[in-house]
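First up is the structure itself, then whatever we jot down about it.
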């Protein structure tokens, strides 16, 4: 299987059934030439002008199955910033919600 074929598959977290996206890069051991990790870059913030969110690294051992259309993984989901308090948007302020 080529990287191009692998990168077209959706990555699905098995426990929650959540689609995590697609593979962006691989980490390969230079001595054994084996794939060690799959890398999924974080989502761009403001079209990439403010950088990216946190990247997800999936160890090869966490892959449960590589199918025709998806890669099933047993990796923990990335934690959302629960402590971060979101300010209401313009509509919320106009409606008096903030």
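The values are calculated or read from the model by the stated rules, or taken from the named source; none is laboratory data. Computed from a prediction, not measured in an experiment: that's the story for all the values here. Neighbour counts are summed over all protein chains in view; Cβ atoms, including those assigned to glycine, are modelled from backbone coordinates with ideal geometry.
Checking residue 82 against (1) surrounded by 10 or more Cβ atoms within 10 Å (Cβ to Cβ); (2) modelled with pLDDT under 90, which single condition isn't satisfied?
Every listed condition holds for residue 82 apart from (1).
When region 1-26 is examined, which residues are found to be over 17 Å from the mean Cα position of the chain (by Cα) and at pLDDT 90 or above?
If the condition is that a residue be over 17 Å from the mean Cα position of the chain (by Cα) and at pLDDT 90 or above, then 4, 5 are the ones that fit.
Residues of region 27-52 being in contact with a strand residue (DSSP E or B) (Cβ under 9 Å, 6 or more places away or on another chain), in a loop (DSSP other than H, G, I, E, B), surrounded by fewer than 13 Cβ atoms within 10 Å (Cβ to Cβ) and at pLDDT below 90, which ones?
The initial filter retains those residues of region 27-52 that are in contact with a strand residue (DSSP E or B) (Cβ under 9 Å, 6 or more places away or on another chain), namely 27-29, 34-45, 50-52.
Add one more test, that the residue is in a loop (DSSP other than H, G, I, E, B), and what stays is 29, 34, 41-43, 45, 50-51.
Now drop any that are not surrounded by fewer than 13 Cβ atoms within 10 Å (Cβ to Cβ), which leaves 29, 34, 43, 45, 50-51.
Result: 43, 45, 50, 51.
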